[in-house]
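Everything on this sheet refers to the single structure shown next.
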Amino acid sequence: MSPQVSMILHEVLRLYPAVAMLSRSVPEDVTLGELLLPAGTEVSIPILQIHRDKELWGEDAHEFKPERFAEGVSKATKSQLTFLPFGWGHKICIGQNFAMMEAKMAMAMILKRFWFELSPTYAHSPYSFVTVRPQHGAQMILHRLGSD
Ligand code: HEM
């Protein structure tokens with residue numbers, strides 16, 4: 001499948017990361033720059049805020065622009081840890097490659113048979129309840145290809 005699909009999926013995961021916030025607990029005293037984190041400290045990693053930070057992503061951080069990822073994730077992030085839809089480190093999502101492949105296959109199967117558009121009943125209201133999801137669902141209208 002074309003690289004454009006990966007770019008689109010990455011941009012969707014940037015704006016709407018399924019997991020909005022991660023936490024880690026510090027097992028032993030750690031010094032981060034001038035900061036001392038004593039053992040037992042809970043650290044939150046605000047993925048959603050990092051993904052939408054204008055200092056990191058530019059003034060258009062809230063806009064849907066898949067072309068940011070035209071040259072891959074490391075170019076888009078300037079090799080910084082600013083794109084974390086699957087987490088990072090030793091607990092990184094074990095299913096990330098599978099999930100990307102699955103999404104591309106599902107897309108290919110749909111696009112082979114249909115074109116689709118958002119239903120006028122759709123109200124854009126993403127919210128985070130365990131995972132980030134559309135609060136009122138995502139109603140689509142599917143048109144069978146070649147039927148009109
Ligand atoms: C778009 C789809 C998915 C997203 C956005 C996602 C995201 C995440 C995130 C953020 C974490 C936490 C990583 C961390 O703490 O650094 C995680 C962990 C995990 N994910 Fe996924 N995931 C997805 C799909 C999947 C799939 C398809 C599987 C299995 C087939 C899977 C299996 C796991 C497992 C087992 C962990 C725990 C890893 C550990 O604690 O060592 N995920 N995922």
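The values are calculated or read from the model by the stated rules, or taken from the named source; none is laboratory data. Everything numeric here is computed off the predicted structure, so don't read it as measured data. Every residue, glycine as well, gets a Cβ built from its backbone with ideal geometry; the counts of neighbours run over all protein chains shown. Only protein heavy atoms, including side chains, enter the accessible area calculation; ligands, DNA and RNA are left aside. Shrake-Rupley method; radii C 1.70, N 1.55, O 1.52, S 1.80 Å.
Annotations
- Degrees between helix 96-113 axis and first principal axis of the chain (Cα, 0 to 90, nearest 10): 10 degrees
- Each other residue within a Cβ distance under 13 Å of I110 adds +1 if Lys or Arg and -1 if Asp or Glu, for a net charge of +2.
- A 1.4 Å probe over all protein chains sorts D60, D53, D29 by accessible area into D29, D53, D60, starting with the largest.
- Potential lengthening of the chain between E102 and D60 amounts to 12.2 nm, from the contour at 0.36 nm per residue minus the alpha-carbon distance.
- The chain: radius of gyration and largest Cα-Cα distance (Dmax), Å: 18.4, 66
- The length gained on full extension between F129 and D53, counted as 0.36 nm times the residue separation minus their Cα-Cα distance, comes to 25.2 nm.
- With respect to the chain, whose longest principal axis is taken over its alpha-carbon atoms, helix 3-15 is tilted by about 60°.
- Cut-off 19 Å, label 7 Å out along Cα→Cβ of A18, residues of the range 106-125 by amide N: 106-110
- Proximal lysines relative to K78, as straight alpha-carbon distance under 22 Å, when same-chain residues fewer than 8 apart are discounted: K54, K65
- Considering only T31, T121, T82, the mean-square fluctuation computed in a Gaussian network model of the chain, springs between alpha carbons under 10 angstrom, is largest for T31.
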